[in-house]
1. From the residues B:123, B:146, B:187, which one has its Cα farthest along the dipole of chain B in the positive direction, the dipole being from +1 and -1 charges on Cβ of Lys/Arg and Asp/Glu about the Cα centre?
2. Relative contact order of region B:2-196, please, whole-number percent, based on alpha carbon pairs below 8 angstrom and at least 6 residues apart.
3. Would you list the P(r) distribution for region B:1-114, with all Cα-Cα distances sorted into 10 Å bins from 0 and each bin expressed as a whole %?
4. Along each principal axis of its Cα atoms, how long is region A:13-139 end to end? Whole angstroms, biggest number first, please.
5. Any idea what angle helix B:130-140 forms with the longest principal axis of chain B, computed on alpha-carbon atoms, 0 to 90 degrees, nearest 10?
6. Using alpha carbons only, how many degrees (0 to 90, rounded to 10) separate the axis of helix B:79-94 from the longest principal axis of chain B?
7. Can you sort A:18, A:87 by how many other beta carbons sit within 10 Å, fewest first?
8. What is the spread of the Cα atoms of region B:112-199 along each of their three principal axes, largest first, in whole Å?
Amino acid sequence: MSDDSRLRSGEPLVGVVLVSHSAAVAASVADLARALVGGGATVPVAAAGGTRSGELGTSAELITAAARSVDRGAGVAVLTDLGSAVLTVKALLAEGDELPDGTRLVDAPFVEGAVAAVVTASTGAGLAAVEAAASEAYTYRKT
Amino acid sequence: MLDADFFRRWMTATAVSVGREAERLTALDSPIGDADHGSNLRRGFDAVADAVAKEVPETPGAVLVLAGSRLISTVGGASGPLYGTLLRRTGKALGDAAEVSPAQFTEALRVGVDAVMALGGAAPGDKTMIDALVPAVDALAESFAAARVAAEQGAVATTPLRARKGRASYLGERSIGHQDPGATSSALLIAALAETAGE
């Protein structure tokens, strides 16, 4: 199914979860990505930043809740920043059954990858295309 | 043979030890990390001790799978998924036997340590928990006491190493001269194991 026909037929959109050590970073990057979508469909995006007590860190429970909240049945792309954010998502994917089926950790730069993922998802693209667009953000050089 | 009670006592002993040493772990984590290893791990193992006391899992494997799950969900730092994976994979490797031999446990722990290396990408000599755990598993074939000594020596031997994984790796040469906090807490885990075995 092409992206356009996917949208027209009301196929569910890919969800995006943004995991950062900082709640403010995760929420702001989510806002930025949503703002750059323009006229596309409204992508389910959730931020999972910091710990449940509001400190810097990573919360498996916040990640799981975020992934469930954006799961429409088309898969969930998870982008992370550093260290424990990456390791926690990997551990949840490898060890547990808490994350929805079709949840994938995307290897991408956090900010650029989030924008690429959300914009691509807004076109009705599937998970593989969303993942590819986010990863491709690594190839954009700044000098 | 080692039964579920042995593994529950191991987890409780680890919580006591991590609680006692939390300030030292955090102090070790200050120059080369983000100064939260002791408090993170104390929160995690306190949750583990609570969970095994309340749920009283009935097999060695179930104790470790529960403990690992609690660590992943409560720690909030990289040590959560790393220790969580260590215990869960070890627990899964033990299956649902009601009792396991020390040799079976040794092989299961090796599976757990391999999973930690796969998750974090660390190898021996990278100045991580692996530098205490790998020698401990090797020595476990001999005795729990030998594993304890091997883990402690492995932790001390991280001091001259340059960190190649985690936040400490950003410091490059400046990570040299500090004992690795993760290797130190791994030595506490193995020491608690030997203590539980009465060695």
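Coordinate-derived values only; no laboratory data. In this text the structure is predicted, and so the values were computed from the model without any measurement. Positions of Cβ are generated from backbone atoms using ideal geometry, with glycine treated the same way; all protein chains shown enter the neighbour counts.
1. It is B:123, whose Cα lies furthest towards the positive end.
2. Working: 387 pairs, mean separation 42.3, N = 195.
Dividing the mean separation by the residue count of region B:2-196 yields 22 percent.
3. 17, 45, 30, 8, 0
4. Sorted largest first, the three principal extents are 36, 27, 27 Å.
5. On a 0 to 90 degree scale, this one is about 40.
6. 30 degrees
7. Values: A:18 30, A:87 26.
Going from sparsest to densest Cβ surroundings: A:87, A:18.
8. 40, 25, 16
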